Amino acid sequence: MTMPISSTKNSFLILFVFMICGGVIATPPEDPIQCSSKNTDCTITNTYGVFPDRSICHAAEVIYPNTEEELISAVASASKNKRKVKAATRFSHSIPKLVCPDGEKGLLISTKNLNKVLKIDKEARTMTVQSGVSLREIISKSAEAGLALPYTPYWWGLTIGGLMGTGAHGSTLWGKGSAVHEYVLQIRIVTPAGPEDGYAKVRNLDESHQQHLNAARVSLGVLGVISQVTLNLEPLFKRSLTYLIKDDSDLGDELASFGRKHEFADVTWYPSQQKAVYRIDDRVSVNTSGNGLYDFFPFRPTLSAALTVVRATEELQEATRDANGKCVGAKLITATLSGIGYGLTDNGIFLGYPIVGFSNRMQASGTCLDSRNDGLFTACPWDSRIKGEFFHQTAFSIPLSVVKNFIEDVQKLVELEPKSLCGLETANGILMRYVTASSAYLGKSEDAVDFDITYYRSKDPLAPRLFQDILEEIEQIGLFKYGGLPHWGKNRNLAFLGAIKKYHNADKFLKVKEEYDPQGLFSSLWTDQMLGLKEGVTTFKDGCALEGMCICSQDSHCAPKKGYFCRPGRIYTEARVCTRDVKKSKEADDVKDEL
Ligand SMILES: Cc1cc2nc3c(=O)[nH]c(=O)nc-3n(C[C@H](O)[C@H](O)[C@H](O)COP(=O)(O)OP(=O)(O)OC[C@H]3O[C@@H](n4cnc5c(N)ncnc54)[C@H](O)[C@@H]3O)c2cc1C
């Protein structure tokens, strides 16, 4: 059965009408930490309500320090009792299980109440904040002081401690680059210690402790709990943004040079539509007129009912293998987003480009976090309490020197299967952002383009998705053929296979980890696996490749009963992907019938 095109269209139209009606109220996301009795016997998950392996993590207790003294005492208590411990944040945005202490007896130290801006020095252009302060707060408080953090992630719900944990970034090849940790001048971090230091030590890291600073700027949370961060800011500035849609025939050639030409450039790619949207975004004089605001549509509060309709449509399209429906939906959604300027306005309306505005209003957004409890009438689209978006996110950065080859490989796959990537276009395509080489030991090793690919995830872990093989092949081409570095805070488990070997300074990071936390209290099985200290990033069992828990090596890792078998990739033959083979599955059925 194929979903009629009209109903596909309707679903997306409903979504947009409802998004627009949604206004700026939304039910705030649930606390990722839930305890059965006050602050003990707790579980923790992420903002999507699901980790890559679908497990829920446990902790015996959570502590919410309000001050650095309380934080020190929390770390000391874990250290004294040799208890596994992790820093956790208000929203827990990372996909992998970074935030889980091993076992059930661990301690969570939440930075929810460490949410104060401590000092803004206008002369020195610096800002010191507690580690649980959100990006939104940093951006708005800087602007009030006439200052700006020039390049930031696009979602303002992240905390400074959490985004440094995974090396989160925006997009630029200019200045010191797009990662926030490049603008960190000083870090106060609380680490475990021996009895002579009262079981916890505050380390004040600045440029005179370069090696320790390089480790702590991207730490995966395994060094201790960051208490405070001092950021280097610039005078507030204005920028002018225009989105330009082009066909993607020269995308491979354009990509590297485009990032050098425009300071805040990024590109959104719709490969099945053979289109790319170039963000031409540059600094302009503060006297340029314009009161622009970028309130990105997909980050706005959305009516739960609309999200349910869209999800149901997606599920039906998957169940009926309705690639056409996905492509129609993708075209509609991308045309609508483009028509409404993706959420850009000038003085409240969008009448065309360029949109000029102050940097604090043009970079990050996330109004679906705004809290006025409306009983889940509206929510962030991925809120797990409603039947809304449910997806995998694959994100890796590919060096500029080979990015053209990667683009061409994806284009070859699209030539073979033109409709294969419509599904990810309904999630607004592949976002490509510029990232730069970093001195942080776990930061990027060279200038690169970061690819963010979001695609359907079934509620049933054993259900293959439409064009499963093409998506898996792209993932493996990016990560293994071109040595892409996985975003530490996104991705399915297989992305971290051998990842640490791609970091030339990993040994230096591990040395600092050994010095700060020799007992590995802030480490877990998962962080040890990510850091190459233990085996087991991937696990093999029936259907494991469908969820990215393994790369298939035999048919049972796919879904042979549903016609999906482990096969080489179509253009990257080293890849092993779950490919639909109707003929083979029919033969197997016939043999079974004969028996
Ligand atoms: C809607 C959305 C949009 C996103 N947009 C972007 C983007 O534009 N760019 C980008 O690069 N990424 C983006 N991400 C990914 C995100 O940046 C990372 O996952 C980030 O690390 C999450 O920050 P958090 O504050 O939620 O921290 P968490 O996910 O809770 O924690 C991340 C890690 O940091 C550790 N940690 C947290 N606080 C501290 C502390 N005080 N001291 C020591 N360790 C600590 C935790 O233990 C954990 O290991 C996005 C994610 C979502 C959900």
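The values are calculated or read from the model by the stated rules, or taken from the named source; none is laboratory data. For clarity, every value in this text was computed on a predicted model and none was experimentally measured. Using ideal geometry, Cβ is built from the backbone for each residue, glycine included, and neighbour counts are taken over all protein chains shown.
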From the residues in the stretch 486-498 that are crowded, with 22+ Cβ neighbours inside 10 Å and more than 15 Å from the ligand (Cβ to nearest atom), which one is nearest to the chain's Cα centre (by Cα)? 493
Does the stretch 96-107 hold any residues that are assigned to a loop (DSSP other than H, G, I, E, B) and surrounded by fewer than 24 Cβ atoms within 10 Å (Cβ to Cβ), and which are they? 97, 102, 103, 104, 105, 106
I'm checking my understanding of the structure. Among residues of the stretch 161-182 that are more than 9 Å from the ligand (Cβ to nearest atom) and under 16 Å from residue 363 (Cα atoms), which one is surrounded by the fewest Cβ atoms within 10 Å (Cβ to Cβ)? 174
All positions within the stretch 469-496 that are of a type in the set (S, T, N, Q), assigned to a helix (DSSP H, G or I) and closer than 23 Å to residue 384 by Cβ: 493
Give all pairs with beta carbons closer than 8 Å in which a residue from the stretch 77-95 that is under 14 Å from residue 489 (Cα atoms) meets a residue that is modelled with pLDDT under 95; count only pairs at least 6 apart in sequence or on separate chains. 91/29; 91/369
Which listed residue, of 283, 321, is under 23 Å from residue 458 (Cα atoms), assigned by TED's automatic domain parsing to the domain that holds residue 420, touching a residue at least 12 places away in the same chain (Cβ under 8 Å) and surrounded by fewer than 19 Cβ atoms within 10 Å (Cβ to Cβ): 321
Criterion violated by residue 582 - all others in (1) over 23 Å from residue 393 (Cβ atoms); (2) within 16 Å of the ligand (Cβ to nearest atom) satisfied: (2)
Given the options 404, 459, 481, name the one that is surrounded by fewer than 20 Cβ atoms within 10 Å (Cβ to Cβ), closer than 24 Å to residue 273 by Cα and either assigned by TED's automatic domain parsing to the domain that holds residue 317 or of a type in the set (Phe, Trp, Tyr) (or both). 404
When residues of the stretch 389-421 are limited to those that are of a type in the set (Val, Ile, Thr) and not in a strand (DSSP E or B), the one farthest from residue 474 (Cα to Cα): 402
Among the listed residues 88, 26, 78, 59, which satisfies the condition of being within 14 Å of the ligand (Cβ to nearest atom) and modelled with pLDDT under 95? 26
Scanning the stretch 49-76 residue by residue, the ones that are in contact (Cβ under 8 Å) with a residue 60 or more places away in the chain and out of contact with any strand residue (DSSP E or B) (no Cβ under 8 Å at 6 or more places or on another chain) total 5
Residue match in the stretch 501-512 (condition: more than 29 Å from residue 189 (Cβ to Cβ) and not assigned by TED's automatic domain parsing to the domain that holds residue 83): no
Residue by residue through the stretch 70-108, note down the ones that are within 20 Å of the chain's Cα centre (by Cα) and of a type outside the set (S, T, N, Q). 86, 87, 88, 90, 91, 93, 95, 96, 97, 98, 99, 100
Listed by first then second residue, the pairs whose first member lies in the stretch 455-479 and is among the β-branched types (Val, Ile, Thr), whose partner is part of a helix (DSSP H, G or I), with beta carbons under 6 Å and at least 6 positions apart or on separate chains, are 470/413; 474/410; 477/409
